[in-house]
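First comes the structure, then the notes that go with it.
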């Protein structure tokens with residue numbers, strides 16, 4: 001068996017690399033709220049260049065990144081279009097409503113997480129606040145996209161798919177802004193074999209996490225126009241996200257967005273594929289292998305003693321940690337999961353499902 005337990009719960013369980021720990025110790029720091037932290041400033045400049053935007057801001061979490069992007073671009077009382085299974089809609093405590101005071105209109109996606117352009121066009125509303133708007137409706141001000149799509153199983157959308165969605169929205173509402181929740185943007189870029197900037201080009205703003213497959217201990221970036229990022233600084237302060245000597249964390253982020261760290265995400269994708277194909281051969285497992293495109297696997301299970309919740313509990317007793325989300329099991333590969341972990345997970349599942 002592998003020396004360490006196999007933890008497939010999420011790629012957020014990754015630990016900083018030895019190089020990151022060393023970088024934290026020697027990081028040059030200042031007060032980032034005053035704009036004085038040189039390491040944070042370097043991270044923000046590199047991040048913006050990497051995704052082809054004017055500016056960037058370092059924030060504590062992906063949830064805060066998405067919330068700030070919404071607040072910066074969608075006025076209170078307006079509406080945003082989101083995928084019905086998007087992280088913004090389902091897993092961020094409805095911050096868009098309680099804090100940003102923005103309502104949402106969830107749209108169906110296909111099994112790869114793609115929105116239907118015709119459905120987008122049908123649901124753009126010109127409401128109060130715009131000349132000639134219908135006073136019964138909130139105005140659609142923002143389209144939120146997600147790549148990779150977490151709850152479809154880490155599926156990717158090509159830039160052309162994203163562009164069709166954006167064009168459909170703006171054909172009905174030229175004023176509409178676009179935010180891309182790119183929590184795992186670099187997983188998408190590696191899977192598609194394109195630069196991250198090519199994926200981000202369709203959006204006014206893009207957020208991505210350093211603390212998932214890129215292995216930093218904490219942090220996300222929002223990248224966009226200089227005007228929006230200037231506003232984001234005030235919004236970050238309002239939300240309690242000013243971190244003062246944040247250079248000790250930004251030092252890890254600089255390593256996260258280095259070419260070797262981004263390129264190694266392909267290993268996670270290969271491990272996830274091996275895991276998915278192995279599980280799909282077991283009795284009682286149902287998995288859509290076409291949706292296994294990056295490092296996230298969802299599958300259904302009907303074992304001899306129960307479904308997803310039973311299997312997750314039984315696997316933990318075997319030293320394999322994963323999650324039950326409703327009727328599905330979620331397993332995520334990352335830098336802390338080796339091929340040996342994958343093989344042990346398959347053996348443990350095989351013993352339980354035989």
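The values are calculated or read from the model by the stated rules, or taken from the named source; none is laboratory data. All values derive from a computational prediction rather than experimental measurement. Using ideal geometry, Cβ is built from the backbone for each residue, glycine included, and neighbour counts are taken over all protein chains shown.
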Check your understanding: Can you tell which of 130, 142 is in contact (Cβ under 8 Å) with a residue 12 or more places away in the chain and not in a loop (DSSP other than H, G, I, E, B)?
Key -> 142
Review point. Does residue 213 satisfy being touching a residue at least 60 places away in the same chain (Cβ under 8 Å), at negative phi, in contact with a strand residue (DSSP E or B) (Cβ under 7 Å, 6 or more places away or on another chain) and outside any helix (DSSP H, G or I)?
Key: no
Review point. In a helix (DSSP H, G or I), touching a strand residue (DSSP E or B) at 6+ places or on another chain (Cβ under 6 Å) and either farther than 17 Å from residue 261 by Cα or assigned by TED's automatic domain parsing to the domain that holds residue 232 (or both): does that describe residue 40?
Key: yes
Point to revise | Test for residue 185: is it without any contact (Cβ under 8 Å) to a residue 40 or more places away in the chain, within 19 Å of the chain's Cα centre (by Cα) and assigned by TED's automatic domain parsing to the domain that holds residue 200 | key: no
Check your understanding: Among (1) more than 29 Å from residue 332 (Cα to Cα); (2) out of contact with any strand residue (DSSP E or B) (no Cβ under 7 Å at 6 or more places or on another chain); (3) touching a residue at least 24 places away in the same chain (Cβ under 8 Å), which single condition is residue 170 missing?
Key -> (3)
Exercise for review: For the stretch 131-145, indicate whether the set of residues that are modelled with pLDDT of 95 or more and either at positive phi or outside the structural domain of residue 32 (by TED's automatic domain parsing) (or both) is non-empty.
Suggested key: no
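Return the residues of the stretch 295-337 that are part of a helix (DSSP H, G or I) and more than 19 Å from residue 272 (Cβ to Cβ); say none if nothing qualifies. Give the steps one after another, and end with the answer.
Taking the stretch 295-337 and keeping what is part of a helix (DSSP H, G or I), we get 308-317.
Listed by number, the residues that qualify are 309, 310, 313, 314, 316, 317.
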Review point. Hey, which of the strands (runs of 3 or more DSSP E) in the stretch 44-109, taking only ones fully inside, have at least 3 residues that are within 20 Å of residue 166 (Cβ to Cβ)?
Key: 79-83, 103-107
Exercise for review: With the condition kept exactly as written, say whether any residue in the stretch 91-110 is within 17 Å of the chain's Cα centre (by Cα), at pLDDT 95 or above, surrounded by fewer than 15 Cβ atoms within 10 Å (Cβ to Cβ) and closer than 16 Å to residue 143 by Cβ.
Suggested key: no
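Take the residues in the stretch 295-344 that are more than 25 Å from the chain's Cα centre (by Cα) and crowded, with 18+ Cβ neighbours inside 10 Å, then tell me which one is modelled with the lowest pLDDT.
First pass over the stretch 295-344, keeping only residues more than 25 Å from the chain's Cα centre (by Cα): 301-307, 310-311, 313-319, 340, 343-344.
Then drop every residue that is not crowded, with 18+ Cβ neighbours inside 10 Å, which leaves 301, 303, 311, 314-315, 344.
Working: 301: 94, 303: 86, 311: 97, 314: 97, 315: 97, 344: 96.
Taking the candidates together, the pick is 303.
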Check your understanding: Regarding residue 340, is this residue outside the structural domain of residue 212 (by TED's automatic domain parsing), touching a strand residue (DSSP E or B) at 6+ places or on another chain (Cβ under 6 Å) and not in a loop (DSSP other than H, G, I, E, B)?
Key -> no
Exercise for review: Consider residue 197 carefully, then state whether it is modelled with pLDDT of 95 or more, within 23 Å of the chain's Cα centre (by Cα), closer than 30 Å to residue 238 by Cα and surrounded by fewer than 24 Cβ atoms within 10 Å (Cβ to Cβ).
Suggested key: yes
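Looking at 122, 164, which is the one that is more than 25 Å from residue 64 (Cβ to Cβ), surrounded by fewer than 23 Cβ atoms within 10 Å (Cβ to Cβ) and in contact (Cβ under 8 Å) with a residue 12 or more places away in the chain? First the steps, then the outcome.
Numbers: 122 fails: in contact (Cβ under 8 Å) with a residue 12 or more places away in the chain.
Within the list 122, 164, the selection yields 164.
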